[in-house]
1. If the viscosity is 1.567 mPa s and the temperature 4 °C, what Stokes-Einstein diffusion coefficient in µm²/s follows for region 221-266 when Rh is the Kirkwood radius over Cα pairs?
2. Show me the trypsin sites (Lys or Arg not before Pro) within region 161-222 that DSSP assigns to loop and that have at most 16 other Cβ atoms within 10 Å of their Cβ.
3. Round to the nearest 10 and report in Å² the accessible area of residue 433, as given by a 1.4 Å probe over the protein chains' heavy atoms.
4. List the residues whose amide H sits under 5 Å from the amide H of residue 115, counting only those 5 or more places along or on another chain, with H placed 1.01 Å from N in the peptide plane.
5. With every protein chain left in place, what is the accessible area of residue 201 in Å² (1.4 Å probe, nearest 10)?
6. For residue 304 and residue 200, what is the calculated FRET efficiency with R₀ set at 45 Å and r taken between the beta-carbons, to the nearest 0.05?
7. Using heavy-atom solvent-accessible surface (probe 1.4 Å) with all chains present, what is the largest-first order of 267, 377?
8. Can you give me the long-range amide H partners of residue 319? Hydrogens built in the peptide plane at 1.01 Å from N, cutoff under 5 Å, separation of 5 or more residues or another chain.
Amino acid sequence: LITINMQTLLDMQTLLGAPSLVFPRCAGTGVQAGLVPALPCIGAAAHSSCGSTWTARLTDDIRFCRPVVLAIFVGMAAGVRRSTRRRCLALRAVENAVAVAARSLPSTSGVVKRRVAIEVGIFGTPFRSKLSRNIGFMIHEALMRTGVVPAGQKAILQLPEKVAIGAHVRSTWVATSTLVLSASSIGADGSCKGLAAGLTHFLPEGVRPFQVVVLPEENPGEPELDFCEMCTAMEYRYYVPEAALGNDKDPGVEGRFRDELQRFVGTHCFANFSQLDRNDKLQKKLTASEKGNMWRDAFSAHVKHRAASISPGPRIGPRIPGVVRRMTTCKVRSIEVVRELVEGEGGVVLLSVRIVAEGFLDSMVRLLVGSAAGVATGLVDAADLDEALLAEAVVDISEFAAPIKGLLLYAQHFDRERSSSWDSPPSTGTNEFFQKVLLPAVRKDWNNDLSLNLQARGSESVAAQLVRRGWGKADWESG
């Protein structure tokens, strides 16, 4: 800690010949920002007990932002010091002010504008609240606060797949729009260790940026690398203990579970195996027309009624229109079930359901695993799953979604032909993170509760409901 007074700051500013920046009072936070001289460091400060003295902590955590960086000196009113919540708001305002100031500085020599790719791992347990933000938002906010985003712009991110909030992630890549970086901060191998350190500082504790690499520059006239197109498939894993399936009571349940999972391999419409209300692209498409809005309301009413009612009634809902079928059709390349021994006290065997697919829908993995377990344990008829997979009509199987605690995004598969100018570098630290942090966390969560919480709602089979309504395949094809 370095303690200096305001006159010293003004003297330093005069000696350095540096310009001053003045930030207005931050409304609602009790923070008054003063003069900001340009100094070779960034400081976060708190007002001391003496009104004329400022205590500043100088750090080089964000050296990579610009050759010229700032010191922010902030005075907090007595009310701020007494309120933890207001103090947090005040410190957030200071950090945002630092980012704004860094982005507003004029360009200097040694600065380059490049896109980067960020490899991230996530310990999902702390983010299972309804108020949790998705990974894209958190990375965007961290980039803005580090000051590498050009002034007046936002960080546009390319995420090959939306990661489920609360799921563990061993490794996922995120590409950014053009950032402003110091040339000296880019290593010979294209890595940006300084930016990685800065993201580590600003991201929540459960989010780990393993590496940041600069993407190759595009030749004039060539389109920029599109990570969404380059990523042709992803691998999700769902971990479930044998005891959760009741394997100790019925030795044949594991074999039936494996067999039921194979029905999902291939290209199918997975509308009934996803949460359609969380599919942003689909919702936007439906709300663009009157018929789409009517179907959306009918679907939502059917699902909400079954979830809230004591006697939920039939699973069958409105017919699924063509636009929904097209936008929820995916190809599952493979599904395999592997036994894995998770190290720890006593050790435990988990069944690892490994699903590789070209595109995943929201809650798709959990519904595939949960519904297959429901058939294997006799909670639902296999014919009902056939009707749900046929997707002629809405078949509500939402009660068979397996818990989020077993879900893990393992890896992404990039097409080398589509990404000939960039090849993902070897992961650094992802396997250690997976073995020492994620798997023990999964095991601990299952130890606390071994139940899959699968509860069948409704007794009449889907086939019987379709016959009763007079809906057949010929009906659907003609309509």
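The values are calculated or read from the model by the stated rules, or taken from the named source; none is laboratory data. Model, not experiment: these values are computed from the prediction. All Cβ positions, even for glycine, are placed from backbone atoms using ideal geometry, and neighbour counts span all protein chains on display. Remember, those area values only see protein heavy atoms, side chains included, never the ligands or the DNA or RNA. Shrake-Rupley method; radii C 1.70, N 1.55, O 1.52, S 1.80 Å.
1. 91
2. 162
3. Here the accessible area works out near 10 Å².
4. For residue 115, the qualifying residues are 179, 215.
5. 100
6. 0.65
7. Ranking 267, 377 by accessible area, largest first, yields 267, 377.
8. 394
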